[in-house]
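The block underneath contains the structure these notes are about, expressed in structure tokens.
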Amino acid sequence: MLAQNVASEVRRAISRGEFSPGQKLNEVALAERFEVSRNTLREAFAMLTSEGLCERIPNRGVFLATPSPDFVTDTYRARAAIEPAALLWGEELDVDRLEKLNTEAREAIAQDDDDLLTAVNQAFHHVVLSAMGSKTLGDTMDQLDAFMRLATLPIIQQQPSFNRQFISVNEHIVELLREEKRHEASDYLQEALLEQGRIVNDLIEKINNGYPI
């Protein structure tokens, strides 16, 4: 379905940081960008609104969600449910690929390229989830990527290197997997994701209250 494809493209654009929380989505510009009718675009917006990524305000238009504590907590809880399960039960877990991505992440840090680092970190978690061999979960991860980007963008705008602290988590996961400790890796990732959610919420609260981070 064309509208589903457009919705997927908008999610990916959000995940890349092309839009900011609370930003109004320009129907004319996006219809031209994706070469679709405005009716098709509105169908896509309806899908994104049903997911909680967007909000339609009568007589004003469609706006991206602004992260709230519940928004952030829900996003990280969802990740903490599905990604650890993939580490524990996934039959197609590609540890070599995960290790290579960690190397790329360290190279991005050495090059002071935090945009690349964010993309590599996203890829790491997609590879983790792909171990389940489920398209449905892959689509879910695309949605969560967009949620994550909206949640963390206000932080990254003030602290571009924010995501660097989480690369050591990815590296420890690979270490545990190399030792064939999948259960330990799963438990470790679950707690790490829940802790990341708490960190993000604390920083967003500071930003919303006008404090520097």
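Just checking, how many residues over the stretch 164-201 are open to solvent by 90 Å² or more (accessible area, probe 1.4 Å), farther than 21 Å from T103 by Cα and of a type in the set (D, E)? Let's see the steps before the verdict.
The initial filter retains those residues of the stretch 164-201 that are open to solvent by 90 Å² or more (accessible area, probe 1.4 Å), namely 175, 178-180, 183-184, 191, 198.
Still in the running and farther than 21 Å from T103 by Cα: 183-184, 191, 198.
With of a type in the set (D, E) added as a condition, the list becomes 184, 191.
Total satisfying the criteria: 2.
Consider the stretch 54-78 and keep the residues that are open to solvent by 20 Å² or more (accessible area, probe 1.4 Å) and in a loop (DSSP other than H, G, I, E, B). The one that is modelled with the highest pLDDT is R60. Selection of the stretch 92-150 for residues being over 14 Å from the mean Cα position of the chain (by Cα), open to solvent by less than 20 Å² (accessible area, probe 1.4 Å) and of a type outside the set (A, V, I, L, M) yields only N102.
One residue is enough: does the stretch 2-11 have a residue meeting the conditions within 25 Å of D113 (Cα to Cα) and crowded, with 17+ Cβ neighbours inside 10 Å?
The first filter runs over the stretch 2-11 and keeps only residues within 25 Å of D113 (Cα to Cα), leaving 9-11.
With the extra rule that they be crowded, with 17+ Cβ neighbours inside 10 Å, the set shrinks to 10-11.
Yes: one or more hits.
Checking each residue in the stretch 9-25 for being over 10 Å from A65 (Cα atoms), of a type outside the set (A, V, I, L, M) and not in a loop (DSSP other than H, G, I, E, B) picks out E9, R11, R12, S15.
One residue is enough: does the stretch 57-78 have a residue meeting the conditions β-branched (V, I, T) and closer than 17 Å to A7 by Cβ? Checking the stretch 57-78: at least one residue is β-branched (V, I, T) and closer than 17 Å to A7 by Cβ. Do you know which of the residues in the stretch 12-45 that are within 24 Å of D115 (Cβ to Cβ) and aromatic (F, W, Y) is most open to solvent (accessible area, probe 1.4 Å)? Here the residue is F34. Checked against (1) part of a helix (DSSP H, G or I); (2) of a type in the set (D, E); (3) closer than 30 Å to H172 by Cα; (4) touching a residue at least 40 places away in the same chain (Cβ under 8 Å), E43 passes all but condition (3).
The values are calculated or read from the model by the stated rules, or taken from the named source; none is laboratory data. All values reported here derive from a predicted model rather than from experimental measurement. Positions of Cβ are generated from backbone atoms using ideal geometry, with glycine treated the same way; all protein chains shown enter the neighbour counts. All accessible areas refer to the heavy atoms of the entire protein, side chains included, with ligands and DNA or RNA removed. Shrake-Rupley method; radii C 1.70, N 1.55, O 1.52, S 1.80 Å.
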